[in-house]
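To start, the structure itself, in structure tokens.
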Amino acid sequence: MFGEGTRNARLMLVGEQPGDREDLEGEPFVGPAGRVLDRALEVAGIDRRLAYVTNAVKHFRFTERGKRRIHRKPSLAQITACRPWLEAEVRAVRPQVIVGLGATAARALLGPGFKVGRDRMQLRSGDLAPCMTATVHPSSILRAPDDDARRAAMDDFVADLRKVATLLD
Ligand code: URA
């Protein structure tokens, strides 16, 4: 599944891989994590329609449990195999700023030396774009243990996206 967005977007957001809903609908970030992302973008003042949104891995990796398809983290081999497709999207869009969402995207974009827990929102210039960074995946906010933790995680995520907005000014 490819990304979605305007061809001359200055911002590219890169997630991990399509989830169950995305796989069925053929569009990135339209399920529960997408709703968190949409809300955070809105609060941070970033118009999603002006960004290009895609994933590091182009297929949904899952295990079947009854009728349910349970997400599995992509392997390094899958990240590597999909990287040419990601590069092709970057070449077509030529964004000024690329933001990875979560560890898989950070690895695909910035390499194994970038650890989201330690290096979150640190700016790097790279072969793909003059300004690249990564932050947490929006699904990590959904996994927060309680309402207070969820609210704090959302505030931090919005603060990261506000920083992204300043990079686009
Ligand atoms: N999670 C992702 O990383 N990407 C999507 O498109 C949806 C959920």
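The values are calculated or read from the model by the stated rules, or taken from the named source; none is laboratory data. Here the structure is a predicted model, which is why all the values come from computation and not from measurement. We place every Cβ from the backbone using ideal geometry, glycine too, and count neighbours over all the protein chains shown.
Residues that are of a type in the set (V, I, T) and assigned to a loop (DSSP other than H, G, I, E, B) within region 1-41 comprise T6, V30, listed in sequence order.
Determine, yes or no, whether P112 is surrounded by fewer than 19 Cβ atoms within 10 Å (Cβ to Cβ), more than 24 Å from T6 (Cβ to Cβ) and without any contact (Cβ under 8 Å) to a residue 12 or more places away in the chain. Taking the combined requirement at face value, the residue satisfies it. Within region 126-169, the set of residues being free of Cβ contacts under 8 Å to residues at least 40 places away in the same chain and of a type in the set (V, I, T) comprises T133, T135, V136, T166. Applying the set (1) at pLDDT below 95; (2) closer than 26 Å to F157 by Cβ to K67 leaves exactly one unmet item: (2). R107 meets all of the listed conditions (1) surrounded by 16 or more Cβ atoms within 10 Å (Cβ to Cβ); (2) within 12 Å of the ligand (Cβ to nearest atom) but one, namely (2). Pairs needed: first member in region 38-59, among the aromatic types (F, W, Y); second member anywhere, surrounded by fewer than 23 Cβ atoms within 10 Å (Cβ to Cβ) and in a strand (DSSP E or B); C-beta distance under 7 Å; at least 6 residues apart or different chains. That search, which allows pairs on different chains as well, returns Y52/G5. Return the residue satisfying two criteria in turn: it lies in region 55-67 and is part of a strand (DSSP E or B) and more than 8 Å from the ligand (Cβ to nearest atom), and of such residues it is surrounded by the most Cβ atoms within 10 Å (Cβ to Cβ). Out of the qualifying residues, it is F62.
Please specify each residue of region 121-149 satisfying the condition of being surrounded by fewer than 16 Cβ atoms within 10 Å (Cβ to Cβ), out of contact with any Pro (no Cβ under 7 Å at 6 or more places or on another chain) and outside any loop (DSSP other than H, G, I, E, B).
D147, D148, A149
Give region 1-40 a look and list any residue that's under 12 Å from the mean Cα position of the chain (by Cα) and away from the ligand (no atom under 14 Å from the Cβ), or say none. If the condition is that a residue be under 12 Å from the mean Cα position of the chain (by Cα) and away from the ligand (no atom under 14 Å from the Cβ), then L11 is the only one that fits.
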